[in-house]
Amino acid sequence: MLNDKRSLLKEIIEEDSTYRLIYDNHPDTICIIDMDGQYVRVNASVEKLTGYTPEHFLLISPEQLFEGQDLNKRNLFYSRALAGEQGSFEVSFRRKDGEIRVVHATYAPIVYKDKIVGVNSFVRDITDLKITQEKNLTEKKRMRDALRESEGQYRLISEYSMDLISRLSADESKTYLYVSPSSLALLGYTPEEMIGTSAIDYYHPDDIEMIEEHVNLYFSQGHVSKMTYRIRHKDGRYIWFESSARYKFLDNSDEPGEIIAISRDVNERKESERRLQESQQRYRSLFEFNPASVYSVDLEGKYTSLNSNLESLLGYSREELLGRKHLEMIDPEDLHQMVVHFEMAKQGKSQNFETTVICKGGSRLEMTVTNVPIVVDGQVVGVYGIISDITERKRYVEQIEKLSYLHSLILGSVSEGIYGLDSHGRTVFCNQAAATMLGYGISDLIGDSSHHLFHHTKIDGSAYPLEECPIILTVEDGIPRSMQEDVFWRRDGSSFLVEYSVNPMIEKNELIGAVVVFNDITGEREIMRAKESAERADQAKSEFLAMMSHEIRTPMNGIIGMIDLLLDTELDEDQRYYAEVISSSSNALLSILNEVLDFSKIEAGKMALEYENFNLESCLTGAVDLFLPEAAKKSIQLQYEIANDVPSFITSDPSRLRQVLVNLIGNALKFTDEGSIQVQVKQLTAYNEQSSLLEISITDTGIGIPADKLHQLFQSFSQVHPIMNRKYGGTGLGLSICKKIVEMMGGFIAVESTEGVGSTFRFTLLSDVRGYASEEEQQGLEELGASDIGGAGSLSEISADVVPYYQGEVVMLSPELQIKQDDTNTLSLLIAEDHPVDCQLFIQLLEKLGYHPDLAHNGIEVVEALSAKKYDMVFMDLDMPIMDGIKSARLIRQLMSADKMPAIIGVSTNISKEEQERCIASGMETVISKPLKPWEINKLLEDWKSRRAFFYEL
């Protein structure tokens, strides 16, 4: 009998394929219970709800699911269903994994041919959902009423489901064939209004393409499709729907006949998700972009989250802080206070206090901290912390307090007289210096309108009406004023000259008086006259130095140049010896002249450093090369070494560095007759990361210096070896100049020496790291010829055979540097020089290089020569009669057309920075100095020929 009843229930279910399709795919759990209370059929949703597979679920009894009152309640409603009643109730049950869940269950009798043959159970998990709205109660009541009237299982499910159950045509129109009554509550349409219309008409236009793709992808494979989209309500608004649907195929066919869809309103869920996302975004923005440092800790005080500002503040990375206790960062002296505040925050009480935090590097910062408890479901689960750095503010407050405390001391200690007047002209404060200069006591002035007592006449002796007094005017209009000269009167009737300024006192945008600051300048007149006299004398000295430089260097240039030309001719042994003695003496005299002029410039404060980025080794080799021929003659090994960590490029004054090197190497070579001279460069530890400190040492094996004479070494005009100096020569200024130049460049110079063994001179050089050339710049410089010789870090010994022969400041060209006659006819040259010896020297020098220059003796002749003939280059002496070189260059730039414009090279005996700037501004290409250097002139000519050839090719 029991088997017959169960078979009957199964037949009823299998009769209607539509009901079976809905039954199998309904998201709620649907159970069929026989007359004995046993489950005989469940849909697939039971596994998600209970954890049991449908097959396993049918083998268990209700007692395994329900306990106590819940089992009684289930049995009660089951009994009522068998009695012909339907009912809904909430009940708890135990899942397979032991978890207790709450469900909403609807029990209804299954009636077949006017007989109850079983019970239908509709179960939905409502553990996380509480049905509190009246709408849901009404809907459940409507479902119960509809269930009483339903005669079929299909009607039982569709009519009383809270979801929208629909059947649609499978063609492109997607026409509604059936719509459950819930359409009215969900969409505002009655089923009759929707049946026969296309579902596409209800979709949001932006979702249609997505829906079509989804349907084609899943339906064609016979899968259940679940998608979320927007659908139009009758009132015109769109609400979010979530639908589960699949094809119902025609009998014995692969052709889809209908689409069965179960849809529910998820608008509230979507809105909740949107609000949650917005809330999370707001929280994240507030957290991450807060100008303060924000973090959260758990109840153990360990960091659980933090923003980037906290990383920057403490110096730790996020990875280093997460999971670490925040109390570890607190100064031990403040730790107890921090623990107390943290415990109070854990009790739900917000805290605000100040403390000291220790950062990663050990530095201490003063912080203001706000602790806010994190409360979830009425319980504190952590603490938010908001901290701000108030170190500077506290220091500022302390400084203000200190300044306030020292205000009277400051007023009393300054030498200027200071007093203040209120808006009525009464003295409100006065310092001791003002009272002393005026001959009053401070108490005599405070509180009285005493200004007229010491300021009542002008400097010419006429009366000073109050309405014209600058001080009283500022009190009235608030405009600052100052006077370079005025008269104040003392209490004893004597007067003195003053310089004063008066400024308004403003409080809350309201003028409340003025402050006067004055100085007694009576004695400054004599000082000003003395200063002006000293400046005139200094100017005269500078002009004298410039004139002497030109007047002495010009004949010296002629002497040296002519001797060099003479040495290049056929001479017998005696003649050559005499000429070499004259040349050596001339160069020595020029060296002495240079030292005297440099020393005078330094003493007058006229020597300025010109910083630039340059290759250190190129500068060093340039200085060493000068002495290689002399070292070779004396069989002395001259070497240099640069440590590996020394930068290739430094920022300093290369010309002054070279001057120091030349002087020190020259001294070493002068006093060394055998052995070696070594120049070494190494790097020392600088005081900051932006600077590089270099030490350059010159070590020789010469005669050495007595220990009791070392202190005289860098003194002006001192000669440690009077007898030796008569042998070697010298003014005693070289080392003094070196010392002053090194100190001007921010370094110091020292010497270590043992008499008879040798000496080591050391000096430091400070360079800015930020001035180093990049790899690209360095490569470019190397391509232009500034490459390292020997390589940094290597010990290089340069042979005298591979460099030109240097004699003092003049280079004697080797045969390889002579230019063939055929290669020079492409340049026409003009020399502008008034000194006859320099003219002859310049002409012969150029002729030796293969050129045939023309000659002009002043600026007018230069302009006339350029008007008559096209010249490629003009060597322009700066000091010429009638019209000097700079004026001539300007006139040439104005008169000559572009196709006839020559390159103008300035020539001078003394090239200062200001002189160079004037020459370039006048239109000159560059400036060269006397004595003339053949290699320098040859390089200028070769460069100009290359440039001209380049433009001809264009």
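Worth pointing out:
- Cross-link pairs exceeding 25 Å between alpha carbons, from the set Lys870/Lys945; Lys325/Lys346; Lys634/Lys709; Lys900/Lys939: Lys634/Lys709.
- Additional length obtainable on full extension of the chain from Glu485 to Leu566, 0.36 nm per residue less Cα span: 22.3 nm
- Note on Tyr611 and Thr197: the extension gain reaches 140.2 nm, defined as 0.36 nm multiplied by sequence separation minus the Cα-Cα distance.
- A simple count of charges around Asp206, restricted to other residues whose Cβ falls under 14 Å of its Cβ and scoring Lys, Arg +1 and Asp, Glu -1, yields -2.
- Electrostatic bookkeeping for Ser697 treats Lys and Arg as +1 and Asp and Glu as -1; over the other residues with beta carbon under 13 Å from its beta carbon, the sum is -2.
- The length gained by stretching the chain between Thr764 and Lys234 to full extension, at 0.36 nm per residue less their Cα-Cα distance, is 181.8 nm.
- For the stretch 163-272: rounded, prolate or oblate by the Cα gyration tensor [a/c cutoff 1.5]: prolate
- Taking amide hydrogens as placed 1.01 Å from N in the peptide plane, the amide H of Val369 sits under 5 Å from those of Phe353, Glu354, Thr355, each at least 5 positions away in sequence or on another chain.
- Derived scalar couplings between HN and Hα for the stretch 66-83 equal 10, 9, x, 4, 5, 5, 5, 5, 4, 5, 4, 5, 5, 5, 5, 5, 5, 8 Hz in order, rounded to whole Hz, by the Karplus curve 6.51 cos²θ - 1.76 cosθ + 1.60 (θ = phi - 60°), x for Gly and Pro.
- Relative packing of 482-488, 380-386, which averages over residues the other C-beta atoms within 10 Å, highest first: 380-386, 482-488
- Rounded FRET efficiency, nearest 0.05, which uses the C-beta distance separating Ala632 from Arg893 and R0 of 51 Å: 0.60
- A viscosity of 1.306 mPa s and a temperature of 10 °C, combined with the Kirkwood radius over C-alpha pairs in the Stokes-Einstein formula, give the stretch 813-953 a diffusion coefficient of 104 µm²/s.
- Net charge dipole size for the stretch 163-272 [Lys, Arg +1 and Asp, Glu -1 on Cβ; Debye, nearest 20]: 380 debye
- Divide the volume of the convex hull around the Cα atoms of the stretch 397-522 by the residue count and you get 112 Å³ per residue.
- Cross-link check: pairs Lys48/Lys73; Lys633/Lys933; Lys740/Lys887; Lys96/Lys226 evaluated at a Cα-Cα cut-off of 30 Å; pairs beyond the cut-off: Lys740/Lys887.
- Estimated inter-spin distance, Tyr578 and Glu90, nm [label 7 Å along Cα→Cβ]: 13.2 nm
- Lys, Arg +1 and Asp, Glu -1 on Cβ, resulting dipole of the stretch 882-954 about Cα centre, debye, nearest 20: 120 debye
- When the charge dipole of the stretch 813-953 is built from unit charges on Cβ atoms (+1 for Lys and Arg, -1 for Asp and Glu) and taken about the Cα centre, the candidate among Pro881, Gly906, His835 whose Cα reaches farthest toward its positive end is Gly906.
- Neighbours of Asp834, meaning other residues whose beta-carbon lies under 9 angstrom from its beta-carbon, give a summed charge of -4 when Lys and Arg score +1 and Asp and Glu score -1.
- Using the average count of surrounding beta-carbon atoms within 10 Å as a protection proxy, the listed peptides 916-922, 183-189 rank, highest first, as 183-189, 916-922.
- Order by protection proxy (mean Cβ within 10 Å, highest first), peptides 568-574, 356-362: 356-362, 568-574
Where a number appears in this text, it was derived from the coordinates with a stated rule and is not lab data. Treat the numbers as computed from the prediction; the structure is a model and nothing was measured. Don't worry about glycine lacking a Cβ; one is built from the backbone with ideal geometry, like all the others, and counts go over all protein chains shown.
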